[in-house]
Amino acid sequence: MKIAVVGTGYVGLVSGACFSEMGVDVTCVDIDEAKIEGLKQGIIPIYEPGLKNIVVRNHDAGRLHFTTDLPSVLNDMDMVFIAVGTPSDEDGNAEMKYVWKVTETIGDHIDKPLLIVTKSTVPVGTSHRIKERVQKRLDRRGLSNLGFDVASNPEFLKEGAAVDDFMSPDRVVVGVESERAKELMTRLYRPFLLNNFRVIFMDILSSEMTKYASNAMLATRISFMNDIANLCERVGADVNMVRRGIGSDTRIGKNFLYPGCGYGGSCFPKDVKAIIKVAENAGYEMSVLKAVEQVNENQKKILFQKFSEFFNGVVEGKTVAVWGLSFKPETDDVRDAPALQLIDSLLESNVNVRAYDPAAMDEARKRLNDKIYYAKDIYDAANNADALIVPTEWKEFRLPNWEILKKIMRTHLVIDGRNIYNKEDLFSYGFGYRGIGL
């Protein structure tokens, strides 16, 4: 089987590499020539544990190829996956220009039957619109009877664990409208699920909605727990105890019940916005998700609020150490990261910022330029700091040497945005502590 994956971001590159790991002949396509040349040399444009080894191994084995020229490979393929970006536009809608560009290219160049699979997160109905656009271009070319199929195969990968998620998925959702498409997708995914074939086939519209609904549900759980955490602080309850209590209910479960300083990344913020817009276009208001979005925006301000309250609003000239810049551990993705909103607020208040992240320093520099100090390690970041704020729970932050930090920090305040520390331990070292919901 031969497939092309158009787009070499988190979704496209991980998908292409993992398919090739199972013996599929894969060609990854991207319009960025520098990125493609780098991939040929084993230079991975994103930080994702385990990805580099898979890319290099399969490229060397001749199963994974890279090109900028989709038309040149299109008619050698059994399937083409569209995995380009669909960022939010200024109104919150999914920006579809990259999807339509790929669609036009396919319609202008296919000469034989092909399965076109939407992997990008797209508004409900997109796959049908792709089919219409391709068919119109085939009609213009006098190829009205050329058989092709469309399918929807949304991804559910977690950044930082994307390779493991792809290689051992808990389920694969596929929307199809023909037996041929179902057969091809079954052949493609069977090697990943030999012992338990967990592919859920459904209609295309339901498949596209499933992606949005899944991310919206997870975002809702996060915002719900953050709301509960804020209330816990005001009434004197401990959110960690509350989380354990409600998570033990099998109807609720324990996942995604951790309070923090808000969600970010490439999926939840834009997908919540997009499904709200999908609903508006259908004449319906997603009241719950609008509240989820508002809670999250407010939660991203909470770290700065705790810092300012500690110093009674007099923060100008203070120095803050920020541990963690990515929106979550094990990734270099800083899109909509709570840490960046925190830093913006600190800089607006004339606070000096010393930041460290194990993977996201270069990505953060693209956004922040030289407005902050980029530290070489956690202790360099904390030197002479008036506060240590932790927006991202990287493992290497969990057991620092508090005695060293006590010596090098000017004011001994820790603001823990992910509740990774025990406040009694920090009190014993002479630190002030502020968590979320504690």
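The values are calculated or read from the model by the stated rules, or taken from the named source; none is laboratory data. Every value quoted in this text rests on a predicted model; they were computed, and no experiment measured them. Counting neighbours? That spans all protein chains shown, and the Cβs are built from the backbone with ideal geometry, glycine included. SASA here: full protein model, heavy atoms, side chains in, ligands and nucleic acids out. Shrake-Rupley method; radii C 1.70, N 1.55, O 1.52, S 1.80 Å.
At a Förster radius of 25 Å, what calculated FRET efficiency corresponds to the Cβ-Cβ distance of Arg141 and Asp76, to the nearest 0.05? It comes to 0.85. Dipole orientation for the stretch 1-114: of the candidates Thr67, Ser20, Val84, Ser20 has the Cα lying most toward the positive pole (charges on Cβ; Lys, Arg +1; Asp, Glu -1).
Packing around the peptides 383-394, 229-240, taken as the average count of other Cβ atoms within 10 Å per residue, puts them in this order, highest first: 383-394, 229-240.
Report the relative contact order of the stretch 286-438, percent, no decimals, based on alpha-carbon pairs under 8 angstrom and at least 6 residues apart. Intermediate values should be presented prior to the final figure.
Working: 266 pairs, mean separation 34.2, N = 153.
Relative contact order comes out at 22 percent.
Need one word for the stretch 183-282: rounded, prolate or oblate. Basis is the Cα gyration tensor (sqrt eigenvalues a ≥ b ≥ c); a/c below 1.5 gives rounded, then a/b vs b/c decides. It would help to have the intermediate numbers written out before the result.
Details: a/c = 3.08, a/b = 1.65, b/c = 1.86.
Oblate, since a/c reaches 1.5 and b/c is not below a/b.
Dipole orientation for the stretch 280-438: of the candidates Asn369, Leu340, Ala385, Ala385 has the Cα lying most toward the positive pole (charges on Cβ; Lys, Arg +1; Asp, Glu -1). Here the Gaussian network model covers the chain, with springs between Cα atoms less than 10 Å apart; of Val117, Val314, Val150, Val314 fluctuates the most. Relative intensity of the stretch 74-132 on a log10 scale, I(q)/I(0) at q = 0.15, 0.20, 0.24, 0.27 Å⁻¹, equals -0.44, -0.74, -1.00, -1.21, per a Debye sum over C-alpha point scatterers of equal strength in the absence of solvent. By the rule of a C-alpha distance below 23 Å, with chain neighbours fewer than 8 residues away ignored, the lysines paired with Lys131 are Lys2, Lys97, Lys101, Lys112, Lys119, Lys182, Lys211, Lys277.
Write down the accessible area per residue of the stretch 297-429 in Å², having rolled a 1.4 Å probe over the full set of protein chains.
Result: 45 Å² per residue.
For the stretch 303-413, a crude dipole built from +1 on the beta carbon of Lys and Arg and -1 on the beta carbon of Asp and Glu, taken about the Cα centre, is about 260 debye to the nearest 20.
Rounded to the nearest 10 degrees, the inclination of helix 10-21 to the longest alpha-carbon principal axis of the chain is 60 degrees. The C-alpha atoms of the chain define a longest principal axis, and helix 97-109 lies at about 20 degrees to it.
Arrange the peptides 266-272, 360-366 so that the one whose residues have, on average, the most other Cβ atoms within 10 Å appears first. Each step should come with its number before you reach the end.
Values: 266-272: 23.4, 360-366: 17.4.
The packing order, highest mean first, is 266-272, 360-366.
If both residues of a DSSP beta bridge must be in the chain, then about 5% of such bridges are antiparallel. As a rough guide to protection, the peptides 15-28, 290-303 ranked by mean Cβ packing within 10 Å, highest first, stand as 15-28, 290-303. Comparing Ile415, Ile200, Ile44 in a Gaussian network model of the chain (Cα springs below 10 Å), the most mobile by mean-square fluctuation is Ile200. Rounded to the nearest Hz, the phi-derived 3J(HN,Hα) couplings of the stretch 212-220 under the Karplus curve 6.51 cos²θ - 1.76 cosθ + 1.60 (θ = phi - 60°) are 4, 5, 4, 5, 5, 5, 5, 4, 5, where x marks glycine and proline.
Taking every lysine pair in the stretch 332-438 that is 8 or more places apart or spans two chains, those with Cα atoms closer than 22 Å amount to 8. Ligands, DNA and RNA left out, the 1.4 Å accessible surface of the chain is 48% carbon and sulfur atoms.
For the stretch 389-395, backbone phi angles converted through the Karplus equation (6.51, -1.76, 1.60; θ = phi - 60°) give residue-by-residue couplings of 10, 10, x, 10, 8, 4, 4 Hz, Gly and Pro being listed as x.
The dipole here belongs to the chain: it is taken about the Cα centre, uses +1 on the Cβ of Lys and Arg and -1 on the Cβ of Asp and Glu, and is about 500 debye. In terms of its C-alpha gyration tensor, the stretch 255-372 has a prolate overall shape, because the principal axis ratio a/c (a ≥ b ≥ c, square roots of the eigenvalues) is not below 1.5 and a/b outweighs b/c.
Considering only DSSP beta bridges with both partners in the stretch 1-114, what is the antiparallel share in %, to the nearest 5?
Among the beta bridges of the stretch 1-114, antiparallel pairing accounts for roughly 5 percent.
What does the C-alpha gyration tensor say about the overall shape of the chain? Classify as rounded when a/c is under 1.5, otherwise prolate if a/b is larger than b/c, or oblate. Prolate, because a/c is 1.5 or more and a/b exceeds b/c.
Given an 8 Å cut-off on Cα distances and at least 6 residues of separation, report the relative contact order of the chain as a percent.
It rounds to 12 percent for the chain.
For the stretch 182-194, the Karplus equation 6.51 cos²θ - 1.76 cosθ + 1.60, evaluated at θ = phi - 60°, returns couplings of 4, 5, 5, 5, 5, 4, 5, 8, 4, x, 7, 9, 4 Hz by residue, with Gly and Pro reported as x. Between Gly38, Gly283, Gly313, the Gaussian network model of the chain with springs among Cα atoms under 10 angstrom shows the greatest mean-square fluctuation at Gly283.
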